[in-house]
Amino acid sequence: MKSWSYAQAGVDLGSAAEVKAIIQRLAAPTLNSNVLAGVGPFASLFRLGGYSRPVLVSSCDGVGTKLKVASLLNRYDTVGIDLVHHCVNDILCAGAEPLFFLDYIAMGKLSPERVAALIQGITAACLELGLPLIGGETAEMPGIYQEEDCDLVGFILGVMEEGRGIDGHSIVPGDILLALPSSGLHTNGFSLARKVFAVEEKPDILNREFPQLGRSLGEELLEPHRCYYPQLKPLLPYIKGIAHITGGGIGGNLSRILPDGVMARIKGGSWPVPPIFRLIQEQGAVPEAEMYRVFNMGLGMVLVCSARDKDKVHALLPEAWWVGQIEAGTKAAERVSIQGEL
């Protein structure tokens, strides 16, 4: 009878121990005085204070098939930034302050070098935001993932004072829609983008310089997801609703924050669409409606504020565009309408 070991079954406990040590070292600088136990024990501990009626706000997300582009370029330092920024933006839509972050990394064959690059991106974003990376999970899963495959997921916990959150319930006709620019695709639409450019069949295209982009396609696609928390935190008292434009595009995400009885009318052409989106559309003969259904098309966040606060908000967010307004609507009506030049 053959004698088996865990290593022969595809799991290297030595690599796992090395990875754990790397994560502990990289995560340590992100910890603050509220962290009572971080990476290492079976559970992390965090002290919550400063709120009289705290409401915990949580979210979980990944970076999707953007990881395929990172793998083809063997560059993993930016997708960790994507992960943190995406999760922070999601809880920001509720008006929450981020408290701490956890990650999940799974690979077919555990690579300490790849894990280190992923964690370096995560911790860089966490340090910038003062956000502790207090724990997570790293798994080697042969048979579930191919050897070079990996998955990356983030978990965030935030807090807000009860009664001071942002949920869109006060949005009324006449309110104004302002938008902040994205830095590109962010973390959505990569399955379509990869098909359009056939990056698996001809990966060298990622190194090709496109005049429209002013850099290589790979550099453009790996541009990190923007984080809007530092800009928007001081403005939260003036904001009625925040939509993070992720999978589902402008319409699919803005409709999530609208109360019954209203609709959002977006004016096409009121912001410059970044060249990467037009390049994808032309290369793949993608219909205009499909582009707006899949991608953010240059809008990373859409904000709703009252008309009286528009100038005040815009003065503190000079890069924001006025992209439309809220009108009366019914439950049966289209919740978001994009009209005019697209």
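Listing for the model above:
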| quantity | calculated |
| --- | --- |
| Value at 222 nm in deg cm²/dmol, rounded to 500, when DSSP H runs of n ≥ 4 in the chain each add -39,500 (n - 2.57) | -8500 deg cm²/dmol |
| Within region 38-71, chymotrypsin sites (Phe, Trp or Tyr not before Pro) in DSSP loop having at most 11 other beta-carbon neighbours inside 10 Å | PHE42 |
| Accessible surface, 1.4 Å probe, highest first, among residues ARG25, ARG47, ARG265 | ARG25, ARG47, ARG265 |
| TRP271, TRP321, TRP4, reordered so the largest accessible area comes first (probe 1.4 Å) | TRP4, TRP321, TRP271 |
| Placed amide H near ALA37: partners under 5 Å, 5+ positions off or other chain | LEU45 |
| Rounded, prolate or oblate (a/c below 1.5 giving rounded, otherwise prolate when a/b exceeds b/c) for region 102-222 by Cα gyration tensor | oblate |
| Inter-centroid distance (Cα atoms) of region 63-78 relative to region 103-176, Å | 15 Å |
| Backbone HN-Hα couplings from phi across region 274-286 [Karplus 6.51/-1.76/1.60, Hz, Gly and Pro as x] | x, x, 4, 6, 5, 5, 4, 4, 6, 5, x, 6, 7 |
| Restraint check, LYS20/LYS66; LYS267/LYS312; LYS233/LYS310; LYS20/LYS109; LYS68/LYS267, Cα-Cα greater than 23 Å | LYS20/LYS66; LYS68/LYS267 |
| Rel. contact order, % - alpha carbon contacts under 8 angstrom, at least six apart, the chain | 21 percent |
| In sequence order, calculated HN-Hα J values of region 191-201 (Karplus, 6.51, -1.76, 1.60; Hz; x Gly/Pro) | 5, 6, 4, 5, 5, 4, 8, 6, 5, 6, 6 |
| Total charge dipole magnitude, the chain, about the Cα centre, Cβ charges on Lys, Arg, Asp, Glu only, Debye to nearest 20 | 540 debye |
| Along principal axes, Cα extents of the chain, largest first, whole Å | 75, 54, 36 |
| Only Lys, Arg (+1) and Asp, Glu (-1) charged, at Cβ; region 1-138 dipole about Cα centre in debye | 260 debye |
| ALA28/ALA139 FRET efficiency (R0 22 Å; Cβ-Cβ; nearest 0.05) | 0.50 |
| Ratio Rg/Rh [Cα only; Rh per Kirkwood] for region 191-283 | 1.05 |
| Inter-probe distance in nm under a simple model that places probes 7 Å from Cα toward Cβ, at ASP204 and LEU316 | 5.2 nm |
| Among GLY50, GLY268, GLY298, residue whose mean-square fluctuation peaks in a GNM of the chain (springs only between Cα atoms under 10 Å) | GLY50 |
| Spatially proximal aspartates and glutamates relative to LYS240 (Cα-Cα < 20 Å; intrachain offsets below 8 disregarded) | ASP90, GLU97, GLU161, GLU162, ASP167, ASP175, ASP260, ASP309, ASP311, GLU319, GLU327 |
| Accessible surface of GLU290 - all protein chains present, 1.4 Å probe, nearest 10 Å² | 60 Å² |
| Heavy-atom accessible area per residue - the chain, 1.4 Å, Å² | 45 Å² |
| Cβ-Cβ FRET estimate between ARG47 and LYS20, R0 fixed at 25 Å, reported to 0.05 | 0.55 |
| The chain - percent of accessible surface contributed by carbon and sulfur, probe 1.4 Å | 53 percent |
| Options GLN231, PRO112, ILE276, ranked by Cα towards positive dipole end of the chain, top entry (Cβ charges) | GLN231 |
| Descending Cα extents along the principal axes, region 80-159, whole Å | 41, 20, 18 |
| About the Cα centre, charge dipole magnitude for region 239-321 (Lys/Arg +1, Asp/Glu -1 at Cβ), debye | 260 debye |
| Over region 144-206: Kirkwood hydrodynamic radius from C-alpha pairwise inverse distances, Å | 17.3 Å |
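The values are calculated or read from the model by the stated rules, or taken from the named source; none is laboratory data. Worth saying up front: this structure is predicted, and the values here are computed from it rather than measured. Note: ideal-geometry Cβ built from the backbone for every residue, glycine included; neighbour counts use all protein chains shown. Surface accessibility is based on the protein's heavy atoms, side chains included, excluding ligands, DNA and RNA. Shrake-Rupley method; radii C 1.70, N 1.55, O 1.52, S 1.80 Å.
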